[in-house]
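**Student:** Just dropping this structure here.
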Ligand code: ARG
């Protein structure tokens, strides 16, 4: 099922998975009022209307790709709520809730869990600190799980119990790539892209062994959160400035679609951060 409006390329060899259902949050209250990652500079101004405008382009891109998009109401005083990926992890109709590391974001955990419960998901309340799809990424049947800056390794065991799936623990080492989804992108059920310097040696060994054909990102692309992308298995929505990543994707038959989320980058987030996948199975 190729979206002919977006990609009419007859040579497309890759196939989208089932059309995704995702959760997003309008950045109505977006600003940078605290600093919990190196990208954030509360002393610099932010433009909430520009953030909304750029976010709307992302929303419309997903809509044009045929995605089903659900929205959670933004809450005043929670400027990072736009980064819906951190709101939890949803698989098999079960939402494993987030328990944020920093107090500034902690109220988001219950807010997202309320949304999940109200929308028919079984909620698994977390005991361990974890930041949802920021640090947990599903690749095929396996969950890649990171720690180092936000999620505790104890949450890796917790998520393994919730879903009864294999969980592979990875260790992040660069504070600029503080969530797994800033350092690693899932392209399809067996293809990933990643930035080697964001991981410790043991994690790199695992990644090289499991994914010998992975796309290796450049420091330049990663430095604008180019890896923070969302793929339906064929169309890959990425930061428009991530030109090498776009070229590599195109060469392998995927369809990269660039968007500009420069304002949301001021909070340390990009495409994927604004996108939480809701998987019913
Ligand atoms: N300011 C947010 C934080 O530091 C950005 C979160 C980005 N989200 C993500 N999935 N990487 O928590």
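Where a number appears in this text, it was derived from the coordinates with a stated rule and is not lab data. Given the structure is predicted, the values throughout are model-derived calculations rather than measurements. When we count neighbours, we look across all protein chains shown, and the Cβ atoms used for this are built from the backbone with ideal geometry, even at glycine.
**Student:** Provide 203, 169 in ascending order of the number of other Cβ atoms located within 10 Å of each residue's Cβ, fewest first.
**Tutor:** Listing 203, 169 from fewest to most nearby Cβ atoms yields 169, 203.
**Student:** Follow-up question, since we're still on this one. Rank these for me by crowding, 272, 99, 70, going from fewest to most other beta carbons within 10 Å.
**Tutor:** Going from least to most buried by this count: 70, 99, 272.
**Student:** Mean separation of Cα pairs under 8 Å and 6+ residues apart, divided by the residue count of the chain: what relative contact order is that in percent?
**Tutor:** 22 percent
**Student:** Round to the nearest 0.05 the FRET efficiency obtained for residue 197 and residue 166 when R0 = 22 Å and r is the Cβ-Cβ distance.
**Tutor:** For R0 = 22 Å, the calculated efficiency reads 0.30.
**Student:** Would you calculate, for the chain, the mean residue ellipticity at 222 nm contributed by helices, counting each DSSP H stretch of 4 or more residues as -39,500 (n - 2.57) and dividing by all residues, to the nearest 500?
**Tutor:** Computed mean residue ellipticity for the chain: -7000 deg cm²/dmol.
**Student:** Now a separate question. Give me the percent of DSSP beta bridges within the chain that run antiparallel, rounded to the nearest 5.
**Tutor:** Within the chain, antiparallel bridges account for around 45 percent of the total.
**Student:** Separation between the residue 279 and residue 75 pseudo-spin-labels, each 7 Å from Cα along Cα→Cβ, expressed in nm?
**Tutor:** Each label point lies 7 Å from its Cα, and together they span 2.7 nm.
**Student:** Still on this model: Give me the one-decimal nm value for the distance between modelled label points at residue 210 and residue 102, 7 Å along each residue's Cα-to-Cβ direction.
**Tutor:** Distance between label points: 2.7 nm.
**Student:** Sorting 168, 257 on the 10 Å Cβ count, fewest up front, what's the list?
**Tutor:** 168, 257
**Student:** Using a Gaussian network model of the chain whose springs link C-alpha atoms within less than 10 Å, name the residue from 119, 37, 86 with the highest mean-square fluctuation.
**Tutor:** Of 119, 37, 86, the most mobile in the Gaussian network model is 119.
**Student:** Looking at the stretch 144-257, what % of its DSSP beta bridges pair antiparallel, to the nearest 5?
**Tutor:** Antiparallel bridges make up about 45 percent of those DSSP assigns within the stretch 144-257.
**Student:** If you don't mind, there's one more thing I want to ask. Quick one: if the Förster radius is 22 Å, what FRET efficiency do residue 251 and residue 189 give, using the C-beta to C-beta distance and rounding to 0.05?
**Tutor:** The formula returns an efficiency of 0.70 here.
**Student:** Does a label point 7 Å from the Cα of residue 142, set along Cα-to-beta-carbon, have any residues of the stretch 198-213 with amide nitrogen under 15 Å, and which are they?
**Tutor:** Answer for the stretch 198-213: 202-213.
**Student:** Related question: Return the whole-Å distance between the Cα centroid of the stretch 49-96 and the Cα centroid of the stretch 225-281.
**Tutor:** The stretch 49-96 and the stretch 225-281 have Cα centres spaced 14 Å from each other.
**Student:** Can you tell me the FRET efficiency between residue 53 and residue 114 if r is taken as the Cβ-Cβ distance and R0 is 22 Å, rounded to the nearest 0.05?
**Tutor:** That pair, residue 53 with residue 114, gives E of 0.20.
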